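Please read the structure below before turning to the comments.
Nothing in this text is a laboratory measurement; each read-out follows from the coordinates by a stated rule. This structure is a prediction, so every number in the text was calculated from the model and none was measured. All Cβ positions, even for glycine, are placed from backbone atoms using ideal geometry, and neighbour counts span all protein chains on display.
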Amino acid sequence: MLKSTIAPMLLTLHSKTKSNTILPLKTPVFCTLLPQSPPTVRRNASTNPLTIETPETPSYKLPPASAYIHLPFCRKRCHYCDFPIVALGSTSPETADDDPRILNYINTLIREIEATKTHFDPHPPLQTVFFGGGTPSLVPPRLVAKVLDTLRSRFGICLDAEISMEMDPGTFDDRKLKDLMGLGVNRVSLGVQAFQEELLKACGRAHGVKEVHEAIEIIGSCGVGNWSMDLISSLPNQTQEMWEESLRLTVEAQPNHVSVYDLQIEKDTKFGSLYTPGEFPLPSDTQSAKFYRMASRTLGEANYNHYEVSSYSKSSFECKHNYTYWINKPFYAFGLGSASYINGTRYSRPKKLKDYTNYVKNLEDGLVDLGEEDDVDEGEMAMDIVMLSFRTSKGLEFKSFVEDFGSEVAVELCKVYEPYMKSGHVLFLDDQRREITEDEFSSLVLDDERLENEIGFIRLSDPDGFLLSNELISLAFGVIDP
Amino acid sequence: MQKDNGQCPDVQNLWFTNSKLSQPTTTAMTMATTSLKLLSSQPPPHGNHHHHHHRTTTTTILSHNRLPIPLSNRTFYSLQPLHSSNNNYSRTHRRRYRVCCKAVDVKPKDASDFEATAIAGRDRLLKVPTEKIRNFSIIAHIDHGKSTLADKLLQVTGTVQTREMKEQFLDNMDLERERGITIKLQAARMRFVQDGEPYCLNLIDTPGHVDFSYEVSRSLAACEGALLVVDASQGVEAQTLANVYLALENNLEVIPVLNKIDLPGAEPSRVVQEIEEVIGLDCSNAIYCSAKEGIGINEILTAIVQRIPPPPDSAGRPLRALIFDSYYDAYRGVIVYFRVIDGTVKKGDRILFMASGKDYYADEIGVLSPNQQQVDELYAGEVGYMSASIRSVADARVGDTITHYGRKAEESLPGYKEATPMVFCGLFPVDADQFPDLRDALEKLQLNDAALKFEPETSSAMGFGFRCGFLGLLHMEIVQERLEREYNLTLITTAPSVVYRVHCVGGEIVECSNPSALPEQGKRKSIEEPMVKIEMLTPKDYIGSLMELSQDRRGDFKGMKFITETRASLTYEMPLAEMVGDFFDQLKSRSKGYASMEYSFIGYKESDLIKLDVLINGDGVEPLSTIVHKDKAYSVGRALTQKLKELIPRQMFKVPIQACIGTKVIASESLSAIRKDVLAKCYGGDISRKKKLLKKQAAGKKRMKAIGKVDVPQEAFMAVLKLEKEVL
């Protein structure tokens, strides 16, 4: 179970007039969970605050300690993907080395990092860097090095920072991986998706099962100590037997982390034009829920913690970078279509290469307004926090929610979840993370003050609550913004 | 000929675009010039259509109105149908049109016409002798072009300057403009000079829907004549027919006008024949017009002057003025629109409303032209408005007679009726906190709508709300929409019901407009339901389908007659309850939009009716209760549960849906639980799209009513109206 340190901070949430009518006017105290524990102090062992944040600074206004870097290149577009990518065609990794498209993009990316103004002085070094894509492993290590150097000189990178890279089977060999590790990449997220040839083919993946096994082999031989296996469930024509096999082979490969994504059919993709969710050859809702439960059970039995809706990890191997998202901490983002969160403002970069290049030019010319205003809507903030924290097994920290957004909305939230507590979708925990029983809750709910005092966390149950997270979160939205 | 065919669509398009742009003069001119160039190779128009002369004149005048520049050597354009000898009766044949252009020296007469129009417009408030007054209204089916014609009349008489012209001036409410129908009527005073004599023309607009037939009858009673506007390609519709009969009953001079003769499908001679046969109206001097293009407008004005009789000169008698409309103004109180039948009324007069018995001082009187313009006095025959700090439209109802408090008329004008709501439904706020807001909003609407009735209603499923009575379904929809739009309320509307008359065992008679309030089976002896006579006009191809529809709706066949070779009239008597649902929609869809209908209430009739209740997740949902004929109970029950299963979104648990008679379950369905609703991944921390989806989902929930643990959407409460397919 996750136990985290709580460092109480004072903060003044700037609220718009509109939300004042919903949420009581007060100066809330913001409690911040600090996930970026250094490797020596594991999260579940730590009891000391790691960073002392100055009072008056809300956590979303702190300097970001994480950076997402989008490397959009792929050999070809997968049939489920609607991401901002650049398909290179069937170039072999060797010739990709000098591909001018990659060179130009990396140059622009570096210019973006360099042109990014920070109001933070001094800037504490980055604790996590995440190369996502696309297929970042297609980018030659020397170019990755340039990006890391730029980040280092711009913001600094902690010596023990988590530096992750998404890698696809068939795009790297021993040497490339060793080079990357030499640059500081210390976490690999391997995009396996499935262990069945026919499924990989149907998804339009650029690799087969053979490359999957080779990639696992390479990761093992290079001694990557922290790696994740990424799988997709509910693929077209995927049978229960196939999914069982994928889960079994995953456990056998012994990654420290597993991500299981339930296939989402997006409108402007090949799958979007071919299939309707819930209809053959896609599994029915019931079948796909079953796949989700199977993953939760199989991986749980193999000692993986289901710490987030679609993430599983061995103890202390949670993805620190992704965790900053769930706890609403700020992060930088650079590159095509990437989304940053700085000073309470989310900003998405253009998704087309040409627009992105113009954007970087404008950024250099000081023409970009990233909209980092002081004016953060309290209701929007509350929705973000609920929606993100409910994805985690830790759940919503009730006390800090009360302090930030008032007891009225917090109590209302408990009441709206009462039936779902009884149906087993929502769990109420006390400060010691002991589950509050139905009888206890029935008496608590009669007394707002006791409710406020006794409840420490609200979380969605695994797997039933997680499976219906949209329903449950949208109920909370209804409470926050009636 | 091939070449002509190829060019014609372009010409038409240009022409239509042009006509839409009635305001910017220069644009209009540029367009005209463009069309000239395009057509320079066209031969001059041929064919000697007998309306040729009319059209040319009219267009000339219109073009003048558009021109800001000195009039000399202008080019005018006009539209000419090219007749081929054998296609007059063919619906499918597309006529070819040609723009004819010629350079004309503007004659002095034209220029003086133009000036005369401007002067007439300016002088329109001046008094004319009673014999120079003409009061008329326009009778037309929806879409047959009444509003466009009215606009054109205002424009041509200079009542509204072209640049001030909004499309469809008479329809004031946004809702009306959006739906293209007139709900509240308005009036307009125009001045028209004929042979050097100025005339005062008062156009009194009428609402175009059966729900408002009483209002129509009062408007007509304020007139001496009416233009019967019929779409030259569509023909007479049932609604038009009903209003023409009303006009004839009121002894109005009816002038037939065939509109949209410029359209390719126009068949004026067929429609003339239809009017003559159906209505029995002499159409030998029917006017062919295109309101949109300004063709035939002058002929219409001339006919109004020549054919409609002036009002009788009875200014010396005690005041009697007929209210044909009233509306509530937040600053001035109720504004009353009226026609002075006898006597005169002055500003400051103490007046009495004879039906309501209320008396007031007339703070302000004036005429509508089309905006309100104050005058000191109005005489018998004139049409105007009055404001008198009247608090509610119920004090000055349509049809009431205004007289002087000091010199009362002996008798009020005939025809006044109290509004009787025919259709009832429950209105409940989705959020219980909005109940007081809903009450305030209904009270405000009632100030302006004397036909709207409401009383509080409570239901265990829905909480506090109101049972509201309406003239008909359209009226109901309008009120509901205004409540949501203008008062920002989120409402659940229950399926409409009629008023049943329940004979109880004890001999008493209970009127029941709410199925869930129907006295228990043991306590009632019999139930009577309201019956209507319905007349449908349809092309003969759909007779079978409409008969089938009527029979399914418990209709009793009364008669059928062919009004022309291809169109027939069908008459049925049927329960009103069978009509308030989707009957009209069905009629339209089964006849591909060609049939029209009209109904009137004929009385009550005993029927073998029972109450059907609905349980959702074991909870009785009163607003879903419905009263049905015994023979239909099982099929309705089955269809209703199926429909509800379709309309209610799946919940996080399994939900049984049952239909019962008393305690006996006659149909049952079950809504399976949602298994999975999770978004897998927040790619690269980009949560904005996910958040948007969740917000949308949350917004969807807000529009639903929680019945016990189950979220039920608005559509489900109307489910009983949507059963057609399954029941049949």
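A few comments on the model shown:
- The aspartates and glutamates whose alpha-carbon is closer than 14 Å to the alpha-carbon of B:Lys705, local same-chain residues fewer than 8 away aside, are B:Asp431, B:Asp433, B:Asp619, B:Glu622, B:Glu715.
- Over 29 Å between alpha carbons, listed pairs A:Lys394/A:Lys415; B:Lys558/B:Lys645; B:Lys152/B:Lys417; B:Lys152/B:Lys347: B:Lys558/B:Lys645; B:Lys152/B:Lys417; B:Lys152/B:Lys347
- Using θ = phi - 60° and Karplus 6.51 cos²θ - 1.76 cosθ + 1.60, couplings along the range B:583-593 (whole Hz; Gly, Pro as x): 3, 5, 4, 5, 4, 5, 6, 5, 10, 6, x
- Close amide H contacts of A:Ser233 (hydrogens built in the peptide plane, cut-off under 5 Å, sequence separation of 5 or more or a different chain): A:Tyr261, A:Asp262, A:Leu263.
- Shape category assigned to the range A:327-482 from the gyration tensor of Cα positions, a/c cut at 1.5: prolate
- Ranked list, fewest to most other Cβ atoms within 10 Å of each Cβ, for B:Lys605, B:Lys722: B:Lys605, B:Lys722
- For A:Asp431, the residues whose modelled amide H falls within less than 5 Å of its own, excluding neighbours fewer than 5 places apart on the same chain, are A:Gly456.
- For chain A, the relative contact order is 17 percent, taking Cα pairs closer than 8 Å that sit 6 or more residues apart in sequence and dividing their mean separation by the residue count.
- Value at 222 nm in deg cm²/dmol, rounded to 500, when DSSP H runs of n ≥ 4 in chain A each add -39,500 (n - 2.57): -11500 deg cm²/dmol
- Debye, to nearest 20: dipole size of the range B:383-445, +1 on Lys, Arg Cβ, -1 on Asp, Glu Cβ: 340 debye
- Above-threshold pairs, the threshold being 23 Å between Cα atoms, out of B:Lys605/B:Lys632; A:Lys352/B:Lys695; A:Lys267/B:Lys676; A:Lys422/B:Lys701; A:Lys290/A:Lys351: A:Lys352/B:Lys695; A:Lys290/A:Lys351
- Distant-in-sequence amide H partners of A:Cys74 (H built 1.01 Å from N, under 5 Å): A:Val86, A:Ala87, A:Leu88, A:Thr135
- For the range B:653-667, 3J(HN,Hα) per residue [Karplus equation, 6.51 cos²θ - 1.76 cosθ + 1.60, θ = phi - 60°, Hz, x = Gly/Pro]: 9, 6, 10, x, 10, 10, 10, 10, 10, x, 9, 8, 6, 10, 7
- Helices assigned as whole DSSP H runs in chain A whose Cα atoms extend at least 15 Å along their own long axis and whose mean Kyte-Doolittle hydropathy is -0.5 or higher are found at A:100-115, A:141-154, A:209-222, A:378-389, A:469-480.
- Here the Karplus relation 6.51 cos²θ - 1.76 cosθ + 1.60, evaluated at θ = phi - 60°, turns the backbone of the range B:282-297 into coupling constants of 5, 10, 4, 10, 5, 9, 8, 8, 10, 4, 4, 9, x, 8, x, 5 Hz, with x for every Gly and Pro.
- Look at A:Thr108, B:Thr157, B:Thr302 and count the other Cβ atoms within 10 Å of each Cβ; fewest to most, that gives B:Thr302, A:Thr108, B:Thr157.
- Length gained when the stretch A:Gln432-A:Asn303 is fully extended (0.36 nm per residue, less Cα-Cα span): 44.2 nm
- Exposure proxy order (Cβ contacts within 10 Å, fewest to most) of B:Arg485, A:Arg111, B:Arg567: B:Arg485, A:Arg111, B:Arg567
- Computed from label points 7 Å out along Cα-Cβ, the spacing between B:Ser284 and B:Tyr634 is 6.4 nm.
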